[in-house]
Amino acid sequence: MKTIEHWINGTATPAGSTRTAQVYDPATGRPQSHVLLAESSDVDTAVAAAAKAFESWGNSSLSQRTKVMFAFRELLVKHEDELARIISSEHGKVIDDARGEIVRGREVVEYACGIADALKGGFSDQVSRDVDVHSFRQPLGVVAGITPFNFPIMVPSWMHPIAIATGNTFVLKPSERVPSASRLVAELYAEAGLPDGVFNVVNGDKVTVDALLDHPGIAAVSFVGSTPIAKYVHERGTATGKRVQALGGAKNHAVVLPDADLEYAANHLTAAAFGSAGQRCMAISIGVAVGAAGDKLVEILKRKAGEVKVGPGHEDGNDMGPVITQAAQERVADAVTTGAEQGATVVVDGRSLKVEGHEEGFFVGPSLLDHVTAEMDAYRQEIFGPVLGIIRVDTVDEAIALINANPYGNGTAIFTAGGEAARKFQREVKVGMIGVNVPIPVPMSYYSFGGWKDSLIGDSPIHGPEGVHFYTRAKVVTTRWPHTGAHTAAFTFPTSS
Ligand code: NAD
């Protein structure tokens, strides 16, 4: 069985440690490779390589950096097929879905190709007699990214293109469940002309994460994953003086008003709840049916959920693959069972689904629970699987109050034909990313991505302008070119004149 190594200083690097984890093919339920798990000594090696590389990369010209980004972008296009297959084989998602995340990740690279514009400073002429002020931003140094299993390409791409284009060097710790895509990314960066040591990959688990968080040579950490780990990473990383952005979990609601096109809404809810087997941080896991929308919506959703084709991600024609692990498969089935026990109606039951020829795969079918309430576990927990719960309410105000009382605030959507309700919704709802008749409102790369409340720990969303800010810090320079003898020094605090 193949062993996946780290990538340090421009080359595949075996670990100092001998610890490994198995990487599964979720469609067969069988291990397909091993991944090395880095100890702190491996992290030291990677950080030392990144620190050395920073000495020159931190002083490289904007044109050199953008040249690499343009070349890297072309290589991502050329290798899209290969990347999509790697993602699908370790994650389980269908190939077209994998392509979708590659495209969305590539858009961040495209934003980084224009970093010269995003990094422009400010200039104020003649703020006082013969005095000008200008500001500019500089990179932080070595920065790290720690990423979840569900988007092996897109989520790391929210981080490294911006960090690198702004002059930092990068150490990525991808999810140990899906390590191979990051390895190919490292090779593509090298082919694009990125100097050795600027982009490094250390594979690992909690031991590796802790070593990164405690390392004095790392200036900033970007984390995306579940909320408990996001809180932990934020606390431990900031305790050692690092800048930390930590994006957490989600429970995303889609509100459907009676005036909406219910066929359209149900179509989009089905895709947003069951696409990628519900393993998206922007997946819709709760439909909030307002008033008369309820019965009709559930009837259409029942039909649509029954039409979802479940099977291995690499086989054409499937809409949805398996979930990531056997534990996840059991967790999803348990969530449906508990939902029923607590009073929800199981309209569609995916618990016993078997895919022919893949009986050991981690498959679970789409499930639809009606009459869910805010007290039930199916509402309170992030199931992170293909389960859509429906809550019935009477008014938009009730829907907004429900969403605002939820601890998460990543994404939400409203389906309506009326601008008045949509405007009220987007102004009053306490959620970071909002869709109006758009179920998965992931912002484009030139905006920043981030939720509110427990979906974002710390104060920095990711990529876009806020990503540029996160990976840089500002200097403001006040300059005077005096005429000979024209100015006398004063002992009072300087003011403009
Ligand atoms: P996870 O929190 O289990 O793991 C994320 C990363 O943290 C991985 O690299 C993992 O190795 C590491 N990790 C896991 N346990 C750790 C521990 N005890 N100490 C230190 N590090 C640890 O998340 P996951 O299961 O890989 O991904 C799914 C979660 O990520 C969901 O909650 C989902 O909502 C969330 N997510 C959020 C966003 C967002 O943008 N807000 C995007 C994608 C995924």
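Return only the number of the condition from (1) closer than 30 Å to Ala27 by Cα; (2) open to solvent by 10 Å² or more (accessible area, probe 1.4 Å); (3) of a type in the set (Val, Ile, Thr) that Val133 does not satisfy.
Every listed condition holds for Val133 apart from (1).
Only one residue in Val224, Val244 is near the ligand (Cβ under 9 Å from one of its atoms), crowded, with 21+ Cβ neighbours inside 10 Å and under 20 Å from the mean Cα position of the chain (by Cα). Which one?
On the way: Val244 fails: near the ligand (Cβ under 9 Å from one of its atoms).
The unique qualifying residue is Val224.
Quick one: how many residues across region 14-28 are in a strand (DSSP E or B) and either open to solvent by 30 Å² or more (accessible area, probe 1.4 Å) or in contact with a Pro (Cβ under 6 Å, 6 or more places away or on another chain) (or both)?
The total comes to 4.
Please work out if Ala271 is more than 10 Å from the ligand (Cβ to nearest atom), out of contact with any strand residue (DSSP E or B) (no Cβ under 8 Å at 6 or more places or on another chain), touching a residue at least 40 places away in the same chain (Cβ under 8 Å) and not in a loop (DSSP other than H, G, I, E, B).
When the stated conditions are applied, Ala271 passes them.
Considering (1) farther than 30 Å from Ser61 by Cα; (2) of a type in the set (Ser, Thr, Tyr); (3) in contact (Cβ under 8 Å) with a residue 12 or more places away in the chain, say which one Thr166 fails and leave the rest.
In the conditions (1) farther than 30 Å from Ser61 by Cα; (2) of a type in the set (Ser, Thr, Tyr); (3) in contact (Cβ under 8 Å) with a residue 12 or more places away in the chain, Thr166 misses (1) alone.
Is it the case that region 398-410 has a residue that's closer than 24 Å to His91 by Cβ and either within 16 Å of the ligand (Cβ to nearest atom) or open to solvent by 30 Å² or more (accessible area, probe 1.4 Å) (or both)?
yes
Pairs please, first residue from region 194-218 and in a loop (DSSP other than H, G, I, E, B), second anywhere and basic (Lys, Arg), Cβ atoms under 8 Å, 6+ apart in sequence or on different chains.
Gly197/Lys52; Val202/Lys173; Asn203/Lys173; Gly204/Lys173; Ile218/Lys242
From Ala421, Ala490, grab the single residue that is more than 16 Å from the ligand (Cβ to nearest atom) and without any contact (Cβ under 8 Å) to a residue 12 or more places away in the chain. Let's see the steps before the verdict.
Numbers: Ala421 fails: without any contact (Cβ under 8 Å) to a residue 12 or more places away in the chain.
The unique qualifying residue is Ala490.
Condition check: of a type in the set (A, V, I, L, M, F, W, C), within 30 Å of Ala84 (Cβ to Cβ) and part of a strand (DSSP E or B). Does Leu301 satisfy that?
no
The values are calculated or read from the model by the stated rules, or taken from the named source; none is laboratory data. Remember, predicted model here, so these are calculated numbers, not experimental data. FYI the Cβ positions are ideal-geometry reconstructions off the backbone, even for glycines, and counts take in every protein chain you see. These area figures cover heavy atoms from the full protein model, side chains too; ligands, DNA and RNA do not enter into them. Shrake-Rupley method; radii C 1.70, N 1.55, O 1.52, S 1.80 Å.
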